[in-house]
Amino acid sequence: MSVQLTEDQQGIRDLVRRVANEKVAPRAAAIDATAEYPEDMFALLRELGLFALPLPASYGGMDSVVAACIAVEELCRVCYNTAYLLVVQWTPFSAILAGGTQAQRDLYLPKLSTGEMRACFSVTEPQSGSDVAGIRARAEKVPGGYRLNGAKIWCTGAAVADIILLAARVGGADERGVINLFIVPTDSPGLTIGRKEPKMGARGVPSSPLFMDNLFVPEENRLGSEGRGFKVVMEAFNKARPIIGARGVGLAQGAMEHAIDFIKSRHAFGQNVAEFQGVRWMIADMAIQIAAARNLVYQAASAVDGGESGAELAKLSAIAKCHATDTAMRVATDAVQLFGASGISDDYPINRYFRDAKVLQIVEGTNQIQRNIIARTLLG
Ligand SMILES: Cc1cc2nc3c(=O)[nH]c(=O)nc-3n(C[C@H](O)[C@H](O)[C@H](O)COP(=O)(O)OP(=O)(O)OC[C@H]3O[C@@H](n4cnc5c(N)ncnc54)[C@H](O)[C@@H]3O)c2cc1C
């Protein structure tokens, strides 16, 4: 790792690695197979105080996106879904930090940092995922607040959350990107959380559609000044993307470790599979890609911690997210190949890594969108 870890960060890594191996890894297969929300893992993360990691010290945190990446990497090495519990909480936290008033920060961040309150983030709509500026859910100004109407899909964590940071259009029908995020309690009248989406990956944390029918949101629950929420969403994404990259690094590391264990115990043509040069080079290529991805992720996370913002952070974060999650997919694909038929069998863990890796190339901005961001900073 090119970034020198502080003593505290090394402590986090050692603690989370130990807990991941001892308590999380044994649960990973069942969480995936049953697709049931892992309350026990949420409680474990709370007990360890991990939700606070990226929060400012004034809210009991370490103020360190690097530390957040370390925790996510170590957890995702053994269980994508448990790592996801942290990430689902942290995108809303980023948005509240980026666009919240002092009163909003004081009200929500302490509870989010302990896990006493659960949050999630909803931008995607049936007709608009990558095109955030084109969302159609409408927030109409009324006395004391707004009336929200429309539909969302793929809101991960909504079924268990206390609040949703929900994006809606405050501008006219033909105005793109004139939007705000609204902090919406999940028990608000007018909000319906639909049936959870059956998923190939990320199965342990439910993703649901949302329906807003004259949902009233008071003015004090609007994040950022009216119509300027697009910037808040983008800033939240830029700061959260290194953490998505860390999921890719951890997943790839775990898949490589499983592949190494498997080929060392498998024999063909009178020798150990791990002795074939073609196989050895596949492992070497995995290690090269993971090392490069890890460096990019921690470089981007350090940039967030160092106060970098704007186009430079957008580029660094997009590069890290894109490379790390493409690496996760490549490594998981090759790992399945090295397992042979066992790679396809549900009796082995590796196809879970493969299915979860695919999700990473799509969420928090697809990897095509990341390439658009990178190209825009280079080409205008
Ligand atoms: C497991 C999971 C959890 C999710 N959780 C959440 C959540 O909690 N909250 C939330 O708001 N959303 C969530 N999403 C939604 C996710 O953010 C979107 O799926 C993603 O942004 C892509 O949007 P889309 O599916 O509408 O694809 P589209 O935007 O319709 O894109 C379709 C294809 O076209 C490509 N494409 C689109 N525009 C361009 C372009 N300009 N240049 C090149 N290629 C382009 C895309 O990359 C993709 O390959 C989740 C999705 C999944 C799978």
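The values are calculated or read from the model by the stated rules, or taken from the named source; none is laboratory data. All values reported here derive from a predicted model rather than from experimental measurement. FYI the Cβ positions are ideal-geometry reconstructions off the backbone, even for glycines, and counts take in every protein chain you see. Side chains are part of the model used for accessible areas, which takes the heavy atoms of the whole protein and leaves out ligands, DNA and RNA. Shrake-Rupley method; radii C 1.70, N 1.55, O 1.52, S 1.80 Å.
Some points to look at:
- Of all residues in the stretch 365-380, those satisfying the criterion of being open to solvent by less than 80 Å² (accessible area, probe 1.4 Å) and either assigned to a helix (DSSP H, G or I) or charged (D, E, K, R) (or both) are 367, 369, 370, 373, 374, 375, 377.
- Note on the stretch 329-364: residues that are away from the ligand (no atom under 16 Å from the Cβ) and assigned to a loop (DSSP other than H, G, I, E, B) total 6.
- Subset of the stretch 369-380 that is in contact (Cβ under 8 Å) with a residue 12 or more places away in the chain and of a type in the set (S, T, N, Q) - its residue that is nearest to the ligand (Cβ to nearest atom): 370
- Residues located in the stretch 187-211, provided they are touching a strand residue (DSSP E or B) at 6+ places or on another chain (Cβ under 6 Å) and within 16 Å of residue 88 (Cβ to Cβ): 193, 196, 197, 205, 207, 208, 210
- Selection count where residues are surrounded by fewer than 18 Cβ atoms within 10 Å (Cβ to Cβ) and either free of Cβ contacts under 8 Å to residues at least 24 places away in the same chain or closer than 19 Å to residue 236 by Cα (or both), scope the stretch 154-175: 4
- Of all residue pairs spaced 6 or more apart or on separate chains, those with beta-carbon atoms under 9 Å, a first member in the stretch 96-121 that is on the phi > 0 side of the Ramachandran plot and a second member that is open to solvent by less than 20 Å² (accessible area, probe 1.4 Å) are 115/42; 115/45; 115/50; 115/51; 115/52; 115/85; 115/89.
- Residues that are assigned to a strand (DSSP E or B) and either more than 16 Å from the ligand (Cβ to nearest atom) or polar (S, T, N, Q) (or both), drawn from the stretch 186-229: 192, 207, 208, 213, 214, 215, 216, 217, 218, 222, 228
One line per residue, one yes/no per condition, for (1) touching a His at 6+ places or on another chain (Cβ under 7 Å); (2) touching a residue at least 40 places away in the same chain (Cβ under 8 Å); (3) open to solvent by 20 Å² or more (accessible area, probe 1.4 Å):
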site: 277; (1), (2), (3): no, no, yes
site: 284; (1), (2), (3): no, no, yes
site: 288; (1), (2), (3): no, no, yes
site: 302; (1), (2), (3): no, yes, yes
site: 309; (1), (2), (3): no, yes, yes
site: 318; (1), (2), (3): no, yes, no
site: 322; (1), (2), (3): no, yes, no
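- Among (1) in contact with a helix residue (DSSP H, G or I) (Cβ under 8 Å, 6 or more places away or on another chain); (2) assigned to a strand (DSSP E or B) - the single one residue 130 does not satisfy: (2)
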